[in-house]
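J.: Dropping a structure here in structure tokens format, bear with me for questions.
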Amino acid sequence: MTDDNQVDASRRGLLVATCAAGGVAGLATAGAFVSTLQPSERAKAAGAPVEVDISSLAPGEMRTVEWRGKPVWILKRTPEMLASLKAADAQVADPASKRTDFSETPEYAMNEWRAIRKDILVVVGICPHLGCSPSARFQTGAQPSLPDDWHGGFLCPCHGSTFDLAGRVYKNKPSPDNLQVPRYMFEGDNKLVIGKDEKGEA
């Protein structure tokens, strides 16, 4: 091979290597750019509002969604469930939701149903006592760990706190407060937004 051919071969090798390096750098840059468009884990934890379609939620059914790393329960209450709230008024510790030991109830949930719409309950599924997650006990009547006149609600397995179907804690239980009602709002009949309300408050 002549000296000229050697020089051409060297130039071709250098050109190929340069193009390959440029392509890798370009891909890396594009990947970094795309990743900046996705919400970071910190942003997710900070709690962007969560939209939930409740059109398929049947009466008596509860759905759990995640917001700010917490379980949020959405329960579509039946007429029988709603009637049980009045029966529990004398048995719960804070029937008007005025306690603020754990969180302040939004003004639109300071009513008999603790809700904007009486049929839809929205609460954070964490017991204010030690952070355990209660279990749904919708069946009424006597059953293990529950009173004989149980109206349906939630039972915390850790220390026995009980809550009615509006998330109100029963008297003489370890929990210092009711289940938290997060800020939320409806956009139409079947779209629920958890994490903000009509005032824009989170």
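J.: Given the condition free of Cβ contacts under 8 Å to residues at least 40 places away in the same chain, of a type in the set (S, T, Y) and more than 18 Å from I74 (Cβ to Cβ), answer yes or no: does some residue in the stretch 142-156 qualify?
T.: yes
J.: Quick one: in the stretch 103-160, of everything that is hydroxyl-bearing (S, T, Y) and surrounded by 13 or more Cβ atoms within 10 Å (Cβ to Cβ), which residue is modelled with the lowest pLDDT?
T.: S103
J.: Turning to a different aspect of this structure: Keeping to the stretch 114-164, report how many residues are within 29 Å of M185 (Cα to Cα) and within 23 Å of the chain's Cα centre (by Cα).
T.: Total satisfying the criteria: 34.
J.: How many residues does the stretch 97-156 contain that are within 20 Å of A58 (Cβ to Cβ) and β-branched (V, I, T)?
T.: Number satisfying all stated conditions: 5.
J.: Continuing with the same structure: With the requirement that a residue be more than 18 Å from the chain's Cα centre (by Cα) and open to solvent by 10 Å² or more (accessible area, probe 1.4 Å), what does the stretch 167-197 give you?
T.: Selection gives Y170, K171, N172, K173, P174, P176, G188, D189.
J.: Out of the stretch 46-66, which residues are closer than 22 Å to F138 by Cα and either open to solvent by less than 60 Å² (accessible area, probe 1.4 Å) or assigned to a strand (DSSP E or B) (or both)?
T.: I54, L57, A58, G60, M62, R63, T64, V65, E66
The values are calculated or read from the model by the stated rules, or taken from the named source; none is laboratory data. The structure displayed is predicted, hence computed values, not measured ones. Note: ideal-geometry Cβ built from the backbone for every residue, glycine included; neighbour counts use all protein chains shown. For the accessible areas, the whole protein counts, side chains as well, though only heavy atoms, and no ligand, DNA or RNA atoms are used. Shrake-Rupley method; radii C 1.70, N 1.55, O 1.52, S 1.80 Å.
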